[in-house]
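A.B. asks: Questions regarding the structure given below will be posed in turn.
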Amino acid sequence: MEQLRVGLIGAGGIAGVHIAGWQQLGAHVSVYSRSGAAHLVQEFGVAEAESLDALLADCDLVSILTPTTTHHEYAMAAIAAGKDVMCEKPLAETTARAAEIANAAKSAGVRLFPAHVVRFFPEYVAAKAQLEQGLLGSPQVLRLSRASAAPAAGSWFFDEEAAGGIIRDQMIHDLDQALWLAGDVIQVEALQAPSTVDGVVPRPVTAKVFLTHESGAVSFLRGEWGPDNMPFHTSIAVEGDAGMWRFPLPLAADLGGATAPVGGQLPQQSPANSPYTLQIGEFAQARSTGAPSRVSPYDGVMAVALAEAAYASIASGGPVEFSAASVAKLLD
């Protein structure tokens with residue numbers, strides 16, 4: 001079996017877990033970054049490509065790890081070169097551009113894997129299994145929260161015009177979870193405190209998103225970018241008409257659980273069983289067998305559409321109607 005050649009675009013903070021995951025699978029990894037990747041070469045022994053063209057010429061699959069506004073540019077270039085694409089969330093800064101990526105991949109006959117990694121965290125996988133096995137009945141209420149230290153002050157994450165913002169970046173994980181667990185959405189309402197001023201998101205900041213699903217279920221989402229010393233924390237609770245399931249991560253120390261590193265934006269993980277490695281492994285297998293992945297291009301586009309609807313709600317000061325069918329029509 002030939003060694004899979006993976007080309008990473010981007011050398012930021014998320015690159016390390018992706019490299020470790022691909023190396024767990026025995027892939028050859030090369031990296032291209034406009035700002036250079038010498039630190040990754042030194043830490044992981046990867047190859048550094050001198051240009052995007054050089055990277056595309058030396059890989060089978062491209063993994064895009066760059067700021068959101070560059071996803072469309074890099075994805076379209078990779079697709080045009082006939083490469084399969086894995087792209088960090090969100091797939092693009094707008095629904096229309098996310099759909100363009102999905103349609104281009106389908107037209108070119110290449111695979112597109114939106115990287116919604118929370119679908120691979122065991123706690124969320126367990127929630128999905130509880131629902132699919134009928135142990136909770138039909139979902140009625142979902143409560144999802146996510147909190148971490150805020151990204152570095154002054155970074156693009158706080159510039160909404162550059163596709164930053166807590167809902168589009170951090171909370172898109174839980175928008176995707178609500179879609180995965182409770183199905184299509186018909187109404188979105190969102191709040192943020194403090195408010196964005198002149199396109200700049202405050203730091204720290206908290207946001208809430210309320211979703212009404214076509215099934216009648218409701219989802220309550222809360223996200224926080226907190227002070228520099230805030231540990232990473234997530235929780236999920238699913239109430240069905242026949243039972244309830246919940247899990248906090250990390251568990252409080254007095255409940256016997258481990259605590260996340262102070263100031264972290266990711267939970268502690270080992271490369272061997274990291275959700276990033278599980279995600280990469282499933283994508284690699286789907287690529288080689290032609291099987292579907294648990295995250296489809298449709299899912300990637302729909303998560304972006306939900307985030308856009310949340311910002312539309314904040315702008316209007318009230319709930320907005322949402323049509324999954326209208327979003328689906330954007331896809332070939």
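The values are calculated or read from the model by the stated rules, or taken from the named source; none is laboratory data. Predicted, not measured: the structure shown is a model, and the values here were computed from it. Every residue, glycine as well, gets a Cβ built from its backbone with ideal geometry; the counts of neighbours run over all protein chains shown.
A.B. asks: Going by the structure shown, is residue 318 in a loop (DSSP other than H, G, I, E, B) and at pLDDT below 95? Break it down into steps so the answer makes sense when it comes.
C.D. replies: Numbers: in a loop (DSSP other than H, G, I, E, B): yes; at pLDDT below 95: no.
Criteria not met by residue 318.
A.B. asks: On the given criteria, is residue 219 surrounded by fewer than 22 Cβ atoms within 10 Å (Cβ to Cβ), polar (S, T, N, Q), touching a residue at least 12 places away in the same chain (Cβ under 8 Å) and under 27 Å from residue 128 (Cα atoms)?
C.D. replies: no
For (1) touching a residue at least 24 places away in the same chain (Cβ under 8 Å); (2) more than 17 Å from residue 225 (Cα to Cα); (3) assigned to a helix (DSSP H, G or I), each residue gets a yes or a no:
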site	(1), (2), (3)
152	no, no, no
161	yes, yes, yes
176	yes, yes, yes
189	yes, yes, no
207	yes, no, no
210	yes, yes, no
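A.B. asks: Within the range 72-97, restricting attention to residues that are of a type outside the set (Lys, Arg), within 13 Å of the chain's Cα centre (by Cα) and under 15 Å from residue 115 (Cβ atoms), which residue is surrounded by the fewest Cβ atoms within 10 Å (Cβ to Cβ)?
C.D. replies: 88
A.B. asks: Within the range 222-244, count every residue that is at pLDDT 95 or above, over 21 Å from residue 176 (Cα atoms) and surrounded by 16 or more Cβ atoms within 10 Å (Cβ to Cβ).
C.D. replies: Number of matching residues: 1.
A.B. asks: Check off (1) in a helix (DSSP H, G or I); (2) not assigned by TED's automatic domain parsing to the domain that holds residue 198 for residue 301 and give me the number that stays unchecked.
C.D. replies: Failing condition for residue 301: (2).
A.B. asks: Having 2 or more residues that are closer than 20 Å to residue 84 by Cβ is the bar; report the helices (runs of 4 or more DSSP H) wholly within the range 1-67 that clear it.
C.D. replies: Counting at least 2 such residues, we get 15-24, 52-57.
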